[in-house]
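Encoded as structure tokens, the structure appears first; notes follow it.
The values are calculated or read from the model by the stated rules, or taken from the named source; none is laboratory data. Bear in mind the structure is a predicted one, so any value in this text is a computation, not a measurement. Cβ placement follows ideal geometry from the backbone for every residue including glycine, while neighbour counts extend to all protein chains displayed. Surface accessibility is based on the protein's heavy atoms, side chains included, excluding ligands, DNA and RNA. Shrake-Rupley method; radii C 1.70, N 1.55, O 1.52, S 1.80 Å.
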Amino acid sequence: VEAAIRELSSARGLRPEGLVAASGPHIRECCFEVKDDVAVPFRERFGDSVVHRQPSGRLTISLASALRQLLTRAGIPGGSIDLSETCTFCDPARFFSYRRAKGQERGRLGSFIARRGEKAT
């Protein structure tokens with residue numbers, strides 16, 4: 001995220017405060033259970049707003065909160081960030097989830113960056 005925003009800023013002459021960022025469906029905190037080996041580095045980088053211990057004792061991570069932090073630290077205003085509330089793990093009828101498939105299946109993911117008014121190809 002940081003590298004993409006730096007590239008857009010330096011090479012393309014775009015200012016972070018003029019950018020809009022969005023994230024589509026992804027595994028949400030409700031289903032992104034991790035162990036300490038993953039939780040500790042996330043907590044060190046993002047703090048307690050990203051890693052949570054649930055009443056059951058399990059650790060979960062909010063990738064949306066981590067992404068929001070990265071985007072705002074890079075200078076994108078909070079009002080210009082739109083993060084999907086849809087969990088790919090919870091909705092097997094519409095989305096593939098590597099974690100739900102336990103690595104036994106493969107899916108596809110797409111992403112893009114475009115200037116406003118330009119069509120993505």
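Key figures for this structure:
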quantity: Cα-projected label distance for GLU105 with GLN54, points at 7 Å along beta-carbon direction, nm; calculated: 2.1 nm
quantity: Residues ARG45 and CYS90, FRET efficiency given R0 of 25 Å [Cβ-Cβ distance, rounded to 0.05]; calculated: 0.45
quantity: Accessible surface, per residue, of the chain when the full set of protein chains is kept, probe 1.4 Å, Å²; calculated: 70 Å²
quantity: Gaussian network model of the chain, Cα within-10 Å springs - most flexible of ALA66, ALA101, ALA11; calculated: ALA11
quantity: Sequence-distant residues sharing a close amide H with SER23 (under 5 Å, placed H); calculated: ASP82, LEU83, SER84
quantity: Accessible surface ranking that places the most exposed of SER10, SER62 first, with a 1.4 angstrom probe; calculated: SER10, SER62
quantity: GNM flexibility winner over the chain from GLU29, GLU105, GLU85 (Cα, springs under 10 Å); calculated: GLU105
quantity: ALA4 paired with ASP82, simple spin-label distance in nm, labels 7 Å along Cα-to-beta-carbon; calculated: 1.5 nm
quantity: Within the range 49-103, chymotrypsin sites (Phe, Trp or Tyr not before Pro) in DSSP loop having at most 12 other beta-carbon neighbours inside 10 Å; calculated: none
